1. On each of the three principal axes of the Cα atoms of the stretch A:259-299, give max minus min coordinate, whole Å, ordered largest first.
2. What relative contact order, as a whole-number percentage, does the stretch A:239-327 give when Cα pairs under 8 Å and 6 or more residues apart are counted?
3. Ranked from highest to lowest mean number of other Cβ atoms within 10 Å per residue, what is the order of the peptides A:49-57, A:378-386?
4. Could you tell me the extents of chain A's C-alpha atoms along the three principal axes, largest first, rounded to whole Å?
5. By per-residue mean of other Cβ atoms within 10 Å, what is the highest-first order of A:174-183, A:284-293, A:459-468?
6. To the nearest 10 degrees, how steep is helix A:109-118 against the longest Cα principal axis of chain A, on a 0 to 90 scale?
7. Working only with C-alpha atoms, what are the Rg and Dmax values of the stretch A:36-86, expressed in angstrom?
8. Using just the helices of chain A, give the 222 nm mean residue ellipticity in deg cm²/dmol: DSSP H runs with n ≥ 4 each add -39,500 (n - 2.57), and the total is spread over all residues, rounded to 500.
Amino acid sequence: MTVTRFAPSPTGYMHIGNLRTALYSYLISKHDDGKFILRIEDTDRERLVEGATDIIKSTLAITGLGYDEGPDVGGDHGPYVQSERKPIYMEYAKKLVDAGHAYYCFCTKERLEELHNEDALGGYDRHCRNLSKEEIEKNLNAGVPYVIRQKMPLDGVTTYYDSVFGEISMNNSELQDQILMKADGYPTYNFAHVIDDYLMGVTHVVRGSEYLTSTPKYVLLYDAFGWERPNYVHLPLLMGKNADGTVSKLSKRHGAVSFQDLIDDGYLPEAIVNYIALLGWCPKNSESEFFTLDELKAVFTIDGVSKSPAVFDFEKLLWFNGEYIHKLDDEEFKMLSARFIKTEIPANINRNKMLELLKTRISKFTELDEKMEFFITLPEYDTELFYNKKNKIADLEVVKTVLEAAKETLCSVNSFDNDSLFAALMPLSEKLGLKTGAIMWCIRIAVSGMAATPGGATEIMEVIGKEESLARIDKALAKL
RNA sequence: GGCUCGUUGGUCAAGCGGCUAAGACAUCAGCCUCUCACGCUGAAAACAUGGGUUCGAUUCCCGUACGAGUCACCA
């Protein structure tokens, strides 16, 4: 059975690249009806951020990435929070020491810093690699702080196979004797994730490609324990475009890059998921780019994952979001809008009708307030606006005639809905010898004060009501 | 700097030795229309580079350039 996991550190917000890793990891297991595990990697006690785990959980819940095992869900391989598994790691580390694959290191931080100063990229000099048994015992008994390091082979080559990148080989001489257990008794990521992945039965390790070159060290750990290596699936990085045109790893300076930022900015979770699914992965022979999570489960395969980094394109996300919003049914749209509309809406406004007009004309919910403004207050505008080449309106006297006739007609219209209004106004066209477009243009400008509006003249009047419509026409007349 | 990986239009990308090199976003033009949006139609726009291999390379190999990642008691 395919078992994957998402193993974030609770160090802050849910980065969009992280979410994509979670998505792919989820999809890989679910494509095979496998299991998806959530594991919290909180071994760095200094970087812990309170509430971060809740953000992770709620993001997975909102996006629909349900996990079969994890904290608060349980499972046969718990606990699923690394800090609660602390004793396990030391036990395995000692096994490694006994087997000669790891060793105690008593070097002080100061000494390591000095090493660093001499050669910034040199790494550890393996000073404690060959301490005598007696010396180790002595230090241990004296309570000298220690770490446990992995004993790397000094020569040879380590090779592993990655499902996306293929065969990766590293000279063992490149590998540092990395720290497995820290002085505070907690394991490092390098050690903990290997132990946990093995113990939890993870078959596919899915993570960002920043781990591509450290994986040989992990593979060596599996080998040392005599465990079967998992499948590795390294994902291409997500990049952001910088102001100067260059790209770099997607980060805060590229804008809203946490899931919560995007939600707050008016994006729909479905649209976000759909878009990031396509960033670094492409379906085999598919004509559509639209996928629900269930559809993704069905079509997602590792061989569609790309090797090259992908630039996060807010424009395209915005387009996706617009498409998702337009497809919402009216009730849903109204509900979701309510969360974003900050403007007080006066009684004369037909809220439902207004939202209907806006729905197909926004790409994200935060555009709502600005776009609805003119319904509520007539903007200041210049009579210049009435001129219109296409409708051959080059004379304000014509506008005046139209508005006066419209006013008269509108006074006697009782049901101010789009169809009635349109029916009532149509005859003016013949009466005044003008095209419908010309009539409506004049009215729309008068009633909106804007060159471009969501909806036409009659729709706008339906939204703002009879009294306000007539008042706005009067105001226009006064300008002419 | 060493090591590892990558490189198809502005962006996401298909392609897996022979094609007029798909498609989507963005851009531009036209149509539709009560303005806008939607929709429809069309346009412009790409195989980083030099060598091989081959009858034939975007596709395979090597070099170069460029980019990214990594070299922590962070993950």
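1. 34, 19, 14
2. Values: 75 pairs, mean separation 31.6, N = 89.
This gives 35 percent for the stretch A:239-327.
3. Values: A:49-57: 15.4, A:378-386: 13.4.
Answer by packing, highest mean first, reads A:49-57, A:378-386.
4. 109, 47, 36
5. Values: A:174-183: 19.1, A:284-293: 11.9, A:459-468: 21.5.
For the peptides A:174-183, A:284-293, A:459-468, the packing ranking is A:459-468, A:174-183, A:284-293.
6. Once rounded, the angle reads 80 degrees.
7. So, for the stretch A:36-86, Rg and Dmax equal 11.2, 31 Å respectively.
8. Values: 18 runs with 214 residues, N = 480.
The helix contribution divided over chain A gives -14000 deg cm²/dmol.
Since every read-out is calculated from the coordinates, none of them should be taken as a lab result. The shown structure was predicted, so the numbers you read here are calculated from the model rather than taken from an experiment. Note that we place each Cβ from the backbone using ideal geometry, even for glycine, and neighbour counts take in every protein chain shown.
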